[in-house]
Structures are given as structure tokens and as C-alpha cells.
Amino acid sequence: MSSRRKNINLPAPYLRRVWLDASRVTEPQSYPFCLPLFSKGDFDLAFDRAVTIVVGENGTGKSTLLEGIAALAGYDEAGGGKGYAAVDHSGAVELMGGRLGDALRASWLPKITNGWFFRAESFFSVARYLDQAAVGSGNRPPDFLSHSHGEGFLRFFDERCRRQGIFIFDEPESALSPSRQIDFLKLLRRMDESGICQVIMATHAPILMAYPNARLLRLTKYGLEPVTLEQTEHFRLIREFCADPASFVETMMAE
């Protein structure tokens, strides 16, 4: 058995720190290094808990950061696990964070490459890939796609996130109703309490941001900073909406 498949008798987090190695950046004016998060060349992020949650507005670089970390951990930037290439993005026009992974360096204790990188955009491609791989090897396909979108997500999470590893979630709430987000929180707690799972997640969902044992970080054009749920713009907007939905909507639409 290869060493990467053996359980490691140390608790998460396994990835302790990632930082940008400026000497590996050959085109600082190009994407993704032109993003404010990386433009100064001094990006440095430490992980001191098993669950880290990154929040921020669209365009700040959350997904790019997660793609870079995923590539650093050995996952395909389009999603999947170690050794998976479920999505052929060789001819894609859109730019992704794989180049960032080449310029990042990491501190591991110890290095672990088991786990999964979940991207909502590529879920269907990954699910079909898993079905085809199972059929090709004579096994029963997992068939995550014969369920509703949200049920397929949750079943996928439940089956793929039980083993030791590092799990990266990019907006897992995209197909989850509020009640299903609560189910995802229960899964997150199970992973956290297992002591063998490290989770790095980007989300817009205040319910997921509220996970009590996470390190919550806000990403802005100035970089990453620790934040409480109540300090996030997401929470403020939802609180104002719930206080007076009709007035809130009228005011927002009039701006």
C-alpha cells in the first residue's frame, strides 16, 4: 500500500500555511497575480483550525484562491480528487487558478493528498465521470444524478467526505435550500469532530458562515482578515431584509 493511502495518526489541520513565492511569479500583471489579494507579492495564509471559511464579494478572488490551494494539494483545478481528471478544460477560454498553485508554497504537518475539491460548476461532470469509472471497472455506479440537485449534492458530500483528507468546497450551498444547508452543517460537524478532515470553504451563505468552530476570514481588495459573522455584509443584508422585507426590497431596488 502506498504511503499516501495510509491513515496518518495526527489531527487536522494538515495544511498549516500557504504563501506566495514571488520568485515563481513570472508575469505579475497577469491573472491571477493581478488580483489585489496577490498583487503585493506578500500573500501568506496560516491554518490553525480544522475548518476555515472564506467569505467576500464576487470578484475578490475566493474561487481562485481555492483553485490554487487545490492544485497545490494535487487536485485538478476543475474539481475532483487525487488522480481524477473529470473535466477536460485544456481548451477552456476561462482563466482558472491552476497557475496560482505553481507559485504557491506550503507547509504541511504532515503532507496529505487524500480528499476532494468540490466545485458546484463541475459537479455534474464529476458525477458522470464517477459513474463511467465505476461501470468501466465492473462496479455499481454511485449515480448521484438520479436525485434532485440538492439531494445529489448532499449524498455526494456524505459519501465522499468520510475519510481522512483535505476537503475544499467552493460555494457548496449553490443547490442547497436553507434546511439542506443545516444538513450540510451537520456533515461539517461530523468531519470536524472526526479529527481527520481539514476543510477549506468559500461561501456566500450566512448559515454556513455560522459554523461555530470555524476560522472565518473575509476577503477584500486589501487581503484576508479575521471576521465575525455579524461583521459580514452577508449577515447585515439578511438581517435588514428579515426585519422588514418589503421596505428592504423597495429601498434596494430604488438605489
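Listing for the model above:
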| read-out | value |
| --- | --- |
| Stokes-Einstein diffusion coefficient of the stretch 154-255, Kirkwood radius over Cα pairs, 37 °C, 0.692 mPa s, in µm²/s | 215 |
| Projected area, mean over directions - the stretch 1-79, Cα convex hull, nm² | 6.9 |
| Burial order of peptide ranges 7-16, 193-202 (average beta-carbon count within 10 Å, highest first) | 193-202, 7-16 |
| Estimated vicinal HN-Hα couplings, Hz - the stretch 195-203 in sequence order (Karplus 6.51, -1.76, 1.60; Gly, Pro = x) | x, 10, 10, 10, 10, 10, 9, 10, 8 |
| In order through the stretch 208-213: 3J(HN,Hα) via Karplus (6.51 cos²θ - 1.76 cosθ + 1.60), integer Hz, x for Gly, Pro | 6, 4, 7, 3, x, 9 |
| Derived scalar couplings ³J(HN,Hα) [the stretch 241-255; Karplus, 6.51 cos²θ - 1.76 cosθ + 1.60; whole Hz; x for Gly, Pro] | 5, 5, 5, 7, x, 5, 5, 4, 5, 4, 5, 5, 6, 7, 6 |
| Built amide H within the under 5 Å cut-off of Trp116, gap 5+ | Ile166, Phe167, Ile168 |
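Where a number appears in this text, it was derived from the coordinates with a stated rule and is not lab data. Everything numeric here is computed off the predicted structure, so don't read it as measured data. We place every Cβ from the backbone using ideal geometry, glycine too, and count neighbours over all the protein chains shown.
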